[in-house]
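To start, the structure itself, in structure tokens.
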Amino acid sequence: MLEFIEQHRNFIFNTLPDFLQNKWTLMVFNIIIFAIFVKLANLFIDKLLDRVCKYKDDFEFKKQLITLKSIVKSIVDTIIVAFGVMYILNGLGVDIRPILTAAGVLGVAVGFGAKRFFEDIITGLSLLLEGQIRVGDYVEISGHQGVVEKVDIKLIQIRDLQGRIHYIRNGMVDTVINYTRDYSYYVFDLGISYSENIDNVINTLKETDENFRQNAVTKNYVLAPLEILGVDNFDDSAVIVKARIKTTPIKQWEVGREFNKYIKEKFDEKGIEIPFPQRTIHMINDTQNDS
């Protein structure tokens with residue numbers, strides 16, 4: 001070891017310190033250090049929020065945390081990068097005060113021409129803080145429906161049933177219809193023949209619901225017994241009975257499709273008719289008497 005130091009004395013005690021004290025070398029080291037800070041901050045946020053989700057059973061709260069995770073990471077990363085840039089410039093001997101002043105003036109000038117941009121940010125923060133939209137929700141915004149895949153302070157990204165992605169500016173959001181907040185309902189209209197006894201049909205629906213909640217594949221998604229709202233309308237070919245099933249969020253369609261199968265099987269067993277549209281045509285034979 002001593003022999004190695006003796007052989008490289010000039011490099012160790014002269015060249016290396018000069019290299020390490022060079023401002024460009026320090027700049028590279030500072031960039032590496034701040035990159036590590038960004039990585040550690042993101043890792044810390046992921047670990048913290050994942051730990052909170054692990055010990056919190058509230059599904060809605062978990063969705064809110066998942067939605068806020070990317071926003072928090074973006075804000076923290078921006079702060080670290082901004083501080084790092086100023087620190088590095090200052091280390092290079094650049095006076096950052098004029099830069100900050102120019103940035104402020106430029107920001108004001110840009111602000112007058114970036115109204116839509118700031119509308120997006122303000123609306124996005126409001127949506128996030130109020131928890132109106134979370135990742136995993138099924139929503140309808142501006143006529144577009146789908147599952148929310150990403151929410152940030154500028155855009156909302158939803159994927160529809162056909163797999164298409166819709167990018168919606170936050171500033172364009174006026175009304176949000178959230179189908180999956182806390183719980184959902186599968187609402188359906190059941191048409192029965194005019195000749196059927198309504199009380200018998202309602203009792204059959206209750207039997208079907210009881211069997212469904214005990215044996216169906218989707219029984220764990222049902223939160224309450226079937227709620228029969230009653231006779232809702234008299235259609236051309238059927239009496240319409242309206243009912244609904246309370247389910248866990250976003251599972252209403254899956255439960256509804258399975259329940260429809262149970263209804264069809266039970267009605268066939270009981271001989272209850274589910275009519276289809278039909279029309280009666282009267283044929284008139286108009287015989288002309290020439291006599």
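The values are calculated or read from the model by the stated rules, or taken from the named source; none is laboratory data. Source: prediction; values computed, not measured. Cβ coordinates were reconstructed from backbone atoms using ideal geometry, including for glycine residues, and neighbour counts include every protein chain displayed.
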From the option list Ile71, Ile80, Ile45, single residue qualifying as within 26 Å of Asp137 (Cα to Cα), at pLDDT 80 or above and buried (at least 16 other Cβ atoms within 10 Å of the Cβ) is Ile45
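Per-residue answers, yes or no, for (1) more than 30 Å from Val139 (Cα to Cα); (2) in contact (Cβ under 8 Å) with a residue 24 or more places away in the chain; (3) outside the structural domain of Lys266 (by TED's automatic domain parsing):
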| position | (1), (2), (3) |
| --- | --- |
| Gly191 | no, yes, no |
| Ser195 | yes, yes, no |
| Lys206 | yes, no, no |
| Phe212 | no, yes, no |
| Leu223 | no, yes, no |
| Glu227 | no, no, no |
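Condition check ((1) assigned to a strand (DSSP E or B); (2) among the hydrophobic types (A, V, I, L, M, F, W, C); (3) within 38 Å of the chain's Cα centre (by Cα)) across all residues:
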| position | (1), (2), (3) |
| --- | --- |
| Leu190 | yes, yes, yes |
| Asn203 | no, no, no |
| Phe212 | no, yes, yes |
| Asn233 | yes, no, yes |
Looking at (1) touching a residue at least 40 places away in the same chain (Cβ under 8 Å); (2) over 24 Å from Lys251 (Cβ atoms), which is the one condition that is false for Asp174? (1)
I need a count of the residues in the stretch 224-239 that are of a type outside the set (Asp, Glu) and exposed (fewer than 15 other Cβ atoms within 10 Å of the Cβ). 8
Heads up, the strands (runs of 3 or more DSSP E) in the stretch 126-173 (entirely inside) with at least 2 residues that are under 24 Å from Thr247 (Cα atoms) are 138-141, 144-151, 155-159
Only residues in the stretch 250-264 that are over 12 Å from Tyr185 (Cβ atoms) count as the first member; pair them with residues that are among the aliphatic types (A, V, I, L, M) and part of a helix (DSSP H, G or I), Cβ under 9 angstrom, at least 6 apart or cross-chain, and list the lot. Ile263/Leu205
Only one of (1) over 21 Å from Leu65 (Cβ atoms); (2) buried (at least 16 other Cβ atoms within 10 Å of the Cβ); (3) aromatic (Phe, Trp, Tyr) fails for Tyr138. Which number is that? (1)
Looking only at the stretch 130-157, how many residues end up being over 9 Å from the mean Cα position of the chain (by Cα) and of a type in the set (D, E, K, R)? 4
Quick one: what pairs do we get from the stretch 29-40, first residue closer than 19 Å to Ile75 by Cα, second surrounded by 12 or more Cβ atoms within 10 Å (Cβ to Cβ), C-beta under 6 Å, 6+ apart or different chains? Phe34/Gly84; Phe37/Ile80; Val38/Asp77; Val38/Ile80
Report whether or not Thr248 is among the hydroxyl-bearing types (Ser, Thr, Tyr), under 31 Å from the mean Cα position of the chain (by Cα) and modelled with pLDDT under 95. yes
